[in-house]
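Visitor: To start, I am sharing the structure in question, which I have written as structure tokens.
Only the coordinates and a few stated rules stand behind these numbers; no lab work does. Everything numeric here is computed off the predicted structure, so don't read it as measured data. Methodologically, a virtual Cβ is constructed for each residue, glycine included, from the backbone with ideal geometry; neighbour enumeration extends over all protein chains shown.
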Protein chains: 2
Amino acid sequence: MHVLITGAAGMIGRKLTERLVVDRALNGQPVDRLTLVDIVAPVRPASFSDHVKTRAADLAVPGTATKAVSERPDVIFHLAGVVSGEAELDFEKGYWVNLDGSRALLEAIRAVGEGYKPRVVFSSSMAVFGAPFPHAIPDEFHLTPLTSYGTQKAITELLLADYTRRGILEGVAIRLPSIVVRPGKPNKAASGFFSGIIREPLAGMDAILPVKESVVHTHASPRAAIGFLIHAAGLDRDKLGHRIALNMPGVTCTVGEQIEALRRVAGDKVASRIRREPDALIVRIVDGWPHRFDPQRAIELGFQAENSFEEIIRIHIDEDLGGKIAA
Amino acid sequence: MHVLITGAAGMIGRKLTERLVVDRALNGQPVDRLTLVDIVAPVRPASFSDHVKTRAADLAVPGTATKAVSERPDVIFHLAGVVSGEAELDFEKGYWVNLDGSRALLEAIRAVGEGYKPRVVFSSSMAVFGAPFPHAIPDEFHLTPLTSYGTQKAITELLLADYTRRGILEGVAIRLPSIVVRPGKPNKAASGFFSGIIREPLAGMDAILPVKESVVHTHASPRAAIGFLIHAAGLDRDKLGHRIALNMPGVTCTVGEQIEALRRVAGDKVASRIRREPDALIVRIVDGWPHRFDPQRAIELGFQAENSFEEIIRIHIDEDLGGKIAA
């Protein structure tokens, strides 16, 4: 099986590549060929001896997507995109990468023709929803994004559904909750603190908490996100039907409960490295985000997230810290 | 005030132009300038002595939209588009006209800059919804179009909402129910019979009814549609908020009730011109369409449709038949 990953150099793309290299299989079939595309060159997986192509290219530039699908990958994980903050700051870049790039990919698949019909798994986001919200967002809640990023994700979902209905490809869009704990350095995303208040203290550093401890949010680990992508690649088309965009499950908890979980896992000293410094802008942004979901369809279709925030922390310690905590 | 109408040569475009020429005003301000654009040259309104420009051009072709907005119209009615059946038969044409054309218009407005911020009223459609449905579709029902046309309308709504949120323009998208009675010749749209079973008998011709009389559908007259567009142009932005797409009201009734209304208005002889000829394909298509809506927001915002199907028939007789029925 030939797998193409767009956005392969990003955090999720790298972890997905690692997982496929370990599994050597997808949907019960051996994976013997990987094509990894990103705007920066993806790292070549060292332990994968079969056919690998890595390519640094912009999907929205004419010809890139055509080349990426020319060898007819069976499964395409479309993860490429600029993040929420960047798409909001740079209007043109956001639409170029997140919309034009996605459309170029779908059109390149259509252009292949001759019965080519790959499975396309698209990493969408809960940002397709915008306030005001009911207590928990149901699967049938309307799309009212309040960011350009969310708009671009919603549009790509709609295109993917139409191309699926037309028989051009087999699309699945998974709407990810916040992925926590993100490894690496803090970024400037407004949601960054959800990871930061766990990651920094575990690494011996102070972290800033800009919102109240009563804030409710829904999280899944990077490992769960990879699990969602792989599960989506194998989903039964008939069970999915025409509604190909699915709200993923996650762990819903307050920031206070996140901190309590950190204390239980790593002790008081680690938990005490969180400093409360309210930030009015972040408070306002976070208030406009969805808090809770009721992702019945995804659960019925077998998607699984963690059961507790403690589990999310332990996955980070295991996957990204080699099991070690800075006490 | 300068008003631009795209799709001005279409049925709604022509009726909207006529209405503006009669009213000579919009939102309480005099209309002294009209720009009428369509793929075929719109007819120049005879009785309008002020500045009128008509142009036959394709909005999606680079430069057309730029030219259309170069004289900074205050209100833009964006009606241009290919219909449902055509967008389904010709994939590329549908995306070209309905998506690329709409995006070109929005981008042309953005490119003007310098504080230019027109009101943009977009004629969307209930086709943004796809089965299965609840008994009545609420305002917050999700977007799951089952046609390329519905997909293109939903995407344009999302773009319009994002451009509005960004302060580039003031968008309103109105989702029209079926517009009945359409004047003129029968067309091949699957929904054509909803108009045909009224129009043809009133003109002394036989009409074919391809579905059961128990089929439920929601209708509004062309006059009501023009009223929606004009009301949308004057809507208070603050009352609209971020959710700029509105389900319009209409008259919900069965096909049997349509026929009974025709009998009451025009007599038994006219109503007897309807022949029952079931068509399995049309039955299937119509079953997938929304039947009933609960358009609370639009009603609260003051949008008004007819109160009965009889009223819809009388409007057709008045507007399109000069008050005469072929008895």
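Visitor: Provide a whole-number value for the mean count of partner chain Cβ atoms within 10 Å of the Cβ atoms in peptide B:145-153.
Guide: Details: counts 5, 5, 2, 5, 1, 2, 9, 3, 1.
Mean partner shielding for this stretch: 4.
Visitor: Okay, moving on. Give the Kirkwood hydrodynamic radius (Å, one decimal) of chain B, defined as one over the mean of 1/r across all pairs of different Cα atoms. Kindly include the intermediate steps, with their values, before the conclusion.
Guide: Numbers: mean 1/r = 0.0493 Å⁻¹.
About 20.3 Å for chain B.
Visitor: Now for a different question. Let's test this: bin the Cα-Cα distances of the protein assembly as shown at 20 Å from zero up to the farthest pair and state each bin's percent.
Guide: So the P(r) values, bin by bin, are 18, 47, 28, 7, 0.
Visitor: Give the long-range amide H neighbours of A:Leu209: residues separated by 5 or more places, or on another chain, with amide H under 5 Å away, using H modelled in the peptide plane at 1.01 Å from N.
Guide: A:Arg275, A:Arg276, A:Glu277
Visitor: A further question follows. Would you mind ranking B:Arg44, B:Arg33 by Cβ crowding within 10 Å, fewest neighbours first?
Guide: On the way: B:Arg44 12, B:Arg33 17.
Least to most surrounded, the residues fall as B:Arg44, B:Arg33.
Visitor: OK, next. When chain B is modelled as a GNM with alpha-carbon springs shorter than 10 Å, which of B:Phe129, B:Phe193, B:Phe141 fluctuates the most?
Guide: B:Phe141
Visitor: Separate question: Step by step: find N for the stretch B:1-79, compute 2.2 N^0.38 Å, then divide the Cα radius of gyration by it. What's the final number? Before the final figure, lay out the partial values.
Guide: On the way: Rg = 11.5 Å, N = 79, 2.2 N^0.38 = 11.6 Å.
Compactness ratio reported: 0.99.
Visitor: Rounded to the nearest 500, what is the 222 nm mean residue ellipticity of the protein assembly as shown from helices alone, with -39500 (n - 2.57) per DSSP H run of 4+ residues and division by all residues? Don't jump to the answer; show the numbers that get you there.
Guide: Numbers: 28 runs with 254 residues, N = 654.
Computed ellipticity for the protein assembly as shown at 222 nm equals -11000 deg cm²/dmol.
Visitor: Another one. Indicate, rounded to the nearest 5 percent, the antiparallel portion of the DSSP beta bridges found entirely in the protein assembly as shown.
Guide: If I count the DSSP bridges inside the protein assembly as shown, around 15 percent turn out antiparallel.
Visitor: Need one number: nm distance between label points at A:His242 and B:Tyr116, each 7 Å from Cα along Cα→Cβ, rounded to one decimal.
Guide: 3.9 nm
Visitor: Let's test the formula: R0 of 45 Å, r as the Cβ-Cβ distance of A:Val61 and B:Asn27. What FRET efficiency results, to the nearest 0.05?
Guide: Working: r = 44 Å, r/R0 = 0.97.
Calculated transfer efficiency: 0.55.
Visitor: For B:Phe122, list long-range residues whose amide hydrogen, built 1.01 Å from N in the peptide plane, is under 5 Å from its own amide hydrogen.
Guide: Result for B:Phe122 returns B:His78, B:Val172, B:Ala173, B:Ile174.
Visitor: Relative to the present Cα-Cα distance, how much length would full extension add between B:Lys93 and B:Glu71 at 0.36 nm per residue of separation?
Guide: Values: separation 22, 0.36 × 22 = 7.92 nm, distance 2.81 nm.
Full extension of this stretch gives 5.1 nm more.
Visitor: What are the principal axis extents of the Cα atoms in the stretch A:118-262, in Å, biggest first?
Guide: 52, 31, 24
Visitor: Continuing with this model, one more query. ³J(HN,Hα) across the stretch B:144-160 via Karplus (A = 6.51, B = -1.76, C = 1.60, θ = phi - 60°), whole Hz, x for Gly/Pro?
Guide: Whole-Hz 3J(HN,Hα) from phi for the stretch B:144-160: 9, x, 10, 9, 5, 4, x, 4, 5, 5, 5, 5, 5, 4, 5, 4, 4.
Visitor: Counting other Cβ atoms within 10 Å, which trypsin sites (Lys or Arg not before Pro) in the stretch B:105-180 have at most 16 and lie in a DSSP loop?
Guide: Numbers: sites: B:Arg110, B:Arg119, B:Lys153, B:Arg165, B:Arg166, B:Arg175; in loops: B:Arg166.
Counting only loop positions with at most 16 other Cβ atoms within 10 Å, the trypsin sites (Lys or Arg not before Pro) in the stretch B:105-180 are B:Arg166.
Visitor: Please state, rounded to one decimal and in Å, the Kirkwood hydrodynamic radius that the stretch B:225-298 gives when every pair of distinct Cα atoms enters the mean of 1/r. Display every interim value, and only then the final one.
Guide: Details: mean 1/r = 0.0627 Å⁻¹.
By the Kirkwood definition, the hydrodynamic radius is 15.9 Å.
Visitor: Would you mind ranking A:Tyr163, A:Tyr116 by Cβ crowding within 10 Å, fewest neighbours first?
Guide: Values: A:Tyr163 23, A:Tyr116 15.
By the 10 Å Cβ count, ascending: A:Tyr116, A:Tyr163.
Visitor: In a GNM of chain A with a 10 Å cut-off on Cα contacts, which of A:Asp50, A:Asp100, A:Asp139 has the highest mean-square fluctuation?
Guide: A:Asp50
Visitor: Could you let me know the centre-to-centre spacing of the stretch B:196-268 and the stretch B:161-189, using Cα atoms, in angstrom?
Guide: So the two Cα centres are separated by 14 Å.
Visitor: Turning to a different aspect of this structure: I need the shape label for the stretch B:36-123. Rule: rounded when a/c is under 1.5, else prolate if a/b > b/c, else oblate, with a, b, c from the alpha carbon gyration tensor.
Guide: Numbers: a/c = 2.08, a/b = 1.26, b/c = 1.65.
The shape class here is oblate.
Visitor: When the Karplus curve 6.51 cos²θ - 1.76 cosθ + 1.60 is applied with θ = phi - 60°, which whole-Hz ³J(HN,Hα) does each residue of the stretch B:2-10 get, with x for Gly and Pro?
Guide: 9, 10, 10, 10, 8, x, 5, 8, x
Visitor: Quick one: Karplus J couplings for the stretch A:82-90, per residue in order, coefficients 6.51, -1.76, 1.60, θ = phi - 60°, nearest Hz, x for Gly and Pro?
Guide: 8, 6, 3, x, 5, 5, 7, 6, 10
Visitor: For chain B, modelled as a Gaussian network with Cα springs under 10 Å, which listed residue fluctuates most, B:Ser124, B:Ser178, B:Ser47?
Guide: Sorting by GNM fluctuation, first place goes to B:Ser47.
Visitor: Per residue of A:123-131, how many C-beta atoms from partner chains lie within 10 Å of its own C-beta, taken as a mean?
Guide: Numbers: counts 0, 0, 0, 0, 0, 3, 1, 4, 1.
Averaged over the peptide's residues, the number is 1.
Visitor: Right, another one. May I ask you to derive the relative contact order of chain B, considering only C-alpha pairs under 8 Å and at least 6 residues apart, and to give it as an integer percent? Please report the intermediate quantities before stating the final value.
Guide: Working: 642 pairs, mean separation 56.0, N = 327.
Normalised by residue count, the contact order of chain B is 17 percent.
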